[in-house]
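Single-structure report; data block below.
The values are calculated or read from the model by the stated rules, or taken from the named source; none is laboratory data. Because the structure is predicted, anything quoted here is derived from the model rather than measured. Ideal geometry is used to build each Cβ from the backbone, glycine not excepted, and the neighbour counts take in all protein chains shown. Heavy atoms of the whole protein, side chains included, go into the accessibility calculation; ligands, DNA and RNA do not. Shrake-Rupley method; radii C 1.70, N 1.55, O 1.52, S 1.80 Å.
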Amino acid sequence: MANLLHNSSFFLLLCLLHLVLVAKSQSFIGINYGQVADNLPAPEATAKLLQSTSIQKVRLYGSDPEIIKALANTGIGIMIGVANGDIPPMASDPNFAKGWLSSNVLPFYPASEIIVINVGNEVMSSNDQNLMTNLLPAMQNLQKALNDVSIGGKIKVSTVHSMAVMKQSDPPSSGSFDPNIGDLLKGLLEFNKATGSPFAINPYPFFAYQSDPRPDTLAFCLFQPNAGRVDAGTKIKYTNMFDAQVDAIRAALNAMGFKEVEIVIAETGWPYKGDSNEVGPSIENAKAYNGNLIAHLRSMVGTPLMPGKSVDTYLFAMYDEDLKPGPTSERSFGLFKPDLTMSYDVGLSKANNQVPTPKTPVSPSPNASPKAPVTLSPNPAPKAPVTPTLVPTPNTTVTPLSPKTEKSVKAGVSDSQSQANINVGMLVLSQILWYPMLHMR
């Protein structure tokens, strides 16, 4: 009996240790570190700031050596990028790939924990046939260069897509890729599958809301209480746009026979400021989206098609990029300011992982009456897929609301909540562990 209790206690101890690791590890939360700006803090200061947060991964669009060096020995995983302009020479010349690796990876790895190299950014939606056809050969040459120095299994090679690669994403179960790029995309996915690299993509519920600026759509995009939308194909009720977009991608991958390929969210975010004719940007909405997304990821609930786990998600963005062209919103995604203070608090600080309660979102029609659940028809009227377009909805003015506290926020598992659960578990486990000791002779 004592042996049985001892074995049971050991098993429970292992389970508890697993719980502790899950609670403390938030490796699924990353952030984009863009550099189209002239007022960014020193890389060393940014590295220290990141270490004070629960952010565990950083995505760079290039391979800035100063940033890569600053992140050395921090335990932060790093995505770096090959510029779109380097794709043709990398595709045609294996020595170019070796040289790129020698300059941008080998001097820093493994002290700087480079985990993924993205070859190009949103190439498959660029309509540049030269880049599109050269993308896979470039990835293959870079993979071979990694293999030649025995780190091919440690650093993955991938590329980042926009949602424009999707032909259909509504309802999620009908998710499919654009057939015009089907053959090229199939080759990329076969590479992902063979090398174990992720399918990286940029879903933005913000742009979905801009194309459909109804109050119920805003709540759906911000993870806030709403009637939900039922997928007519699966009868699954979705309560937020993020899950719906991610599951549409999952359905598209599955339909092409790539169930094994994992999804990584390379970018997602919400701007806190915009022009007068832009629908959706506000501090309240940005805080609600990012804060509730973080809570959703920490809950480990997953999506209906991928339950029980959180996909790696890189928030956009670390800082505003003041030199970016386009509407004001393009320069207003930063979670932190150049002086290293928060633009608004979404619970990323290690000192306080509680997600603050966001205020009521700003919407064009705040007094709309509740609607019945929206059914996502498997054959909706033809329209462009929900994609990250930079074209704002014209002639729409956002009417600010008076500050109100949102009735409820989507529950997530914060570090403090997890710690409370761990404390209870420790108390129970201590009793279990002591019991066989007291009765052993």
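What pairs can you find where one residue is in the range 89-112 and hydroxyl-bearing (S, T, Y), the other is loosely packed, with under 13 Cβ neighbours inside 10 Å, and their Cβ atoms are less than 9 Å apart, with a gap of 6+ or different chains?
Once the first residue is hydroxyl-bearing (S, T, Y) and sits in the range 89-112, its partners that are loosely packed, with under 13 Cβ neighbours inside 10 Å give Y109/K154; S112/N73.
What are the residues in the range 45-92 that are among the hydroxyl-bearing types (S, T, Y), in contact with a helix residue (DSSP H, G or I) (Cβ under 8 Å, 6 or more places away or on another chain) and under 24 Å from N121 (Cα atoms), if any? Before the answer, list the steps.
Here is the first cut: in the range 45-92, the residues among the hydroxyl-bearing types (S, T, Y) are 46, 52-54, 61, 63, 74, 92.
Then keep just the ones that are in contact with a helix residue (DSSP H, G or I) (Cβ under 8 Å, 6 or more places away or on another chain); that gives 46, 54, 63, 74, 92.
The answer is T46, S63, S92.
Select from the range 223-239 the residues that are more than 11 Å from P171 (Cα to Cα) and crowded, with 24+ Cβ neighbours inside 10 Å and list them in ascending order.
F223
Just to check your reading of the model, which residue among I87, I80 is within 30 Å of D183 (Cβ to Cβ) and part of a strand (DSSP E or B)?
Every option except I80 fails the conditions.
Name every residue in the range 126-169 that is of a type in the set (S, T, N, Q), open to solvent by 40 Å² or more (accessible area, probe 1.4 Å) and in contact (Cβ under 8 Å) with a residue 24 or more places away in the chain, in order of residue number. If you could, list the steps in order and put the result at the bottom.
The initial filter retains those residues of the range 126-169 that are of a type in the set (S, T, N, Q), namely 126-127, 129-130, 133-134, 140-141, 143, 147, 150, 158-159, 162, 168-169.
The next check asks that each one be open to solvent by 40 Å² or more (accessible area, probe 1.4 Å); those that pass are 126-127, 129-130, 133, 140, 147, 150, 168.
Across the range 126-169, the qualifying residues are S126, N130, T133, Q140, Q168.
Just for the range 273-330: of the residues that are among the small types (G, A, S) and assigned to a helix (DSSP H, G or I), which one is surrounded by the most Cβ atoms within 10 Å (Cβ to Cβ)?
Within the range 273-330, the match that is surrounded by the most Cβ atoms within 10 Å (Cβ to Cβ) is A288.
I'm trying to understand the selection: among the residues of the range 61-107, which are in contact with a Gly (Cβ under 9 Å, 6 or more places away or on another chain), crowded, with 20+ Cβ neighbours inside 10 Å, farther than 17 Å from K154 by Cβ and aliphatic (A, V, I, L, M)?
V82, I87
Run D183 past the list (1) assigned to a helix (DSSP H, G or I); (2) more than 19 Å from V160 (Cα to Cα) and report the number of the one that doesn't hold.
(2)
Which of (1) of a type outside the set (G, A, S); (2) more than 25 Å from S329 (Cβ to Cβ); (3) in contact with a Gly (Cβ under 7 Å, 6 or more places away or on another chain) is the odd one out, the single condition L253 does not satisfy?
Condition (3) is where L253 drops out.
Please name all residue pairs, on different chains or six or more residues apart, with Cβ atoms under 9 Å, provided the first residue is in the range 211-232 and is modelled with pLDDT under 95 and part of a loop (DSSP other than H, G, I, E, B) and the second residue is of a type in the set (S, T, N, Q) and open to solvent by less than 40 Å² (accessible area, probe 1.4 Å).
P213/S363; P213/T393; P213/T396; R214/S363
Taking the condition of a type in the set (G, A, S) and within 13 Å of the chain's Cα centre (by Cα), does G269 pass?
It is true that G269 is of a type in the set (G, A, S) and within 13 Å of the chain's Cα centre (by Cα).
So is K324 touching a residue at least 24 places away in the same chain (Cβ under 8 Å) and within 20 Å of V279 (Cα to Cα) or not?
Numbers: touching a residue at least 24 places away in the same chain (Cβ under 8 Å): yes; within 20 Å of V279 (Cα to Cα): yes.
Spelling it out, K324 is indeed touching a residue at least 24 places away in the same chain (Cβ under 8 Å) and within 20 Å of V279 (Cα to Cα).
Restricting attention to the range 108-118, report how many residues are in contact with a Pro (Cβ under 9 Å, 6 or more places away or on another chain) and buried (at least 22 other Cβ atoms within 10 Å of the Cβ).
1
In this structure, does N121 turn out to be in contact (Cβ under 8 Å) with a residue 24 or more places away in the chain, open to solvent by 10 Å² or more (accessible area, probe 1.4 Å) and of a type outside the set (D, E, K, R)?
Spelling it out, N121 is indeed in contact (Cβ under 8 Å) with a residue 24 or more places away in the chain, open to solvent by 10 Å² or more (accessible area, probe 1.4 Å) and of a type outside the set (D, E, K, R).
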